[in-house]
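The values are calculated or read from the model by the stated rules, or taken from the named source; none is laboratory data. Because the structure is a prediction, the values reported are computed rather than measured. Cβ placement follows ideal geometry from the backbone for every residue including glycine, while neighbour counts extend to all protein chains displayed.
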Amino acid sequence: MAETSLRLGLNIDHVATLRNARGGTNPDPVRAAKLAEEAGVDGITAHLREDRRHMVDADIENLMQSLTVPLNFEMAATDEMQRIALRHKPHAVCIVPEKREERTTEGGLEVAREQNKLSDFIAPLREAGSRISLFVAADMKQVEAAHRVGADIIELHVGAYCDAHAEGDFKLRDAEFESLRDMSTYAHSLGLEVHAGHGLTYDCVKPIAAFPEVRELNIGHFLIGEAVFRGLPPAVQEMRRLMDEARH
Ligand code: PXP
């Protein structure tokens, strides 16, 4: 039986993007994280990129010290990031592909081809107590490989589904939706915990939130943008409301 509770993880990278546009300390991502905690989010996600374009090392340090909800530390599979994760021992490590020139994480992780390398990479992180999540496309080959390398979680990349919805390409959207639904069921049957994220908005969240196997949605860009208009707590609470509505 699939679990029924659905967690909301807020990705606060773009609070740091805004801060870094000017330098200095405002707006402070930790303040955003604490406010989101009070508003009821179940976790905070932060992606420390190689180029430190949003989160910087001190942010991760400060989040580790201040958060009461779990930190989902997003990172590429590099030696540098592994050292940082081993120092902080976050609740979860979400491994994502990272290309220097991309604006955001474009695709899922190539797990099948990099199986041996990833197994070795995640072993010490698991030993240190972090749960391991792999950000993958809705592709059976990748889901099976994620299971084989010993991941605890897969996070399904729902970006193509969200984009197709926003662009009104309903044929593509529905095809993406079916793959996501099938892979969510399949991953759950393998014993993997299923998360989903990337590109989710009020408009497209409900069908994904309704997947009974999905335990967590990680949402950033849209909610940080929405916070400009209605404030962060109401922005988060509206997403929570839609997720709960979809679930019941
Ligand atoms: N999950 C993962 C693995 C991501 O890389 C991102 C983007 O950083 C998100 C979720 C959140 O995506 P968005 O900012 O589009 O909501």
Pick from the range 115-161, criterion under 21 Å from residue 45 (Cβ atoms) and basic (Lys, Arg), ranking: surrounded by the fewest Cβ atoms within 10 Å (Cβ to Cβ): 126
In the range 162-189, the residues that are loosely packed, with under 14 Cβ neighbours inside 10 Å and touching a residue at least 12 places away in the same chain (Cβ under 8 Å): 166, 182
Looking at 177, 222, 211, 229 in this structure, which one is away from the ligand (no atom under 12 Å from the Cβ), at pLDDT 95 or above, of a type in the set (Phe, Trp, Tyr) and over 21 Å from residue 140 (Cβ atoms)? 229
Only one of these conditions is not met by residue 57: (1) exposed (fewer than 14 other Cβ atoms within 10 Å of the Cβ); (2) touching a Gly at 6+ places or on another chain (Cβ under 9 Å). Which number is it? (2)
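Does residue 118 satisfy the criteria of being of a type in the set (A, V, I, L, M) and farther than 22 Å from residue 199 by Cβ? Spell out how you get there, then give the answer.
On the way: of a type in the set (A, V, I, L, M): yes; farther than 22 Å from residue 199 by Cβ: yes.
Yes: the conditions hold for residue 118.
Quick grid of which residues meet (1) touching a helix residue (DSSP H, G or I) at 6+ places or on another chain (Cβ under 8 Å); (2) outside any helix (DSSP H, G or I); (3) at pLDDT 95 or above:
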position: 102; (1), (2), (3): no, yes, no
position: 107; (1), (2), (3): no, yes, no
position: 138; (1), (2), (3): yes, yes, yes
position: 141; (1), (2), (3): no, no, yes
If residue 227 passes every condition in (1) part of a loop (DSSP other than H, G, I, E, B); (2) surrounded by 20 or more Cβ atoms within 10 Å (Cβ to Cβ) but one, which one does it miss? (1)
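Can you name every residue in the range 144-161 that is within 19 Å of residue 72 (Cβ to Cβ) and either assigned to a loop (DSSP other than H, G, I, E, B) or free of Cβ contacts under 8 Å to residues at least 60 places away in the same chain (or both)?
Taking the range 144-161 first, the residues within 19 Å of residue 72 (Cβ to Cβ) are 146, 149-159.
Within the range 144-161, 146, 149, 150, 151, 152, 154, 156, 157, 158, 159 meet the criteria.
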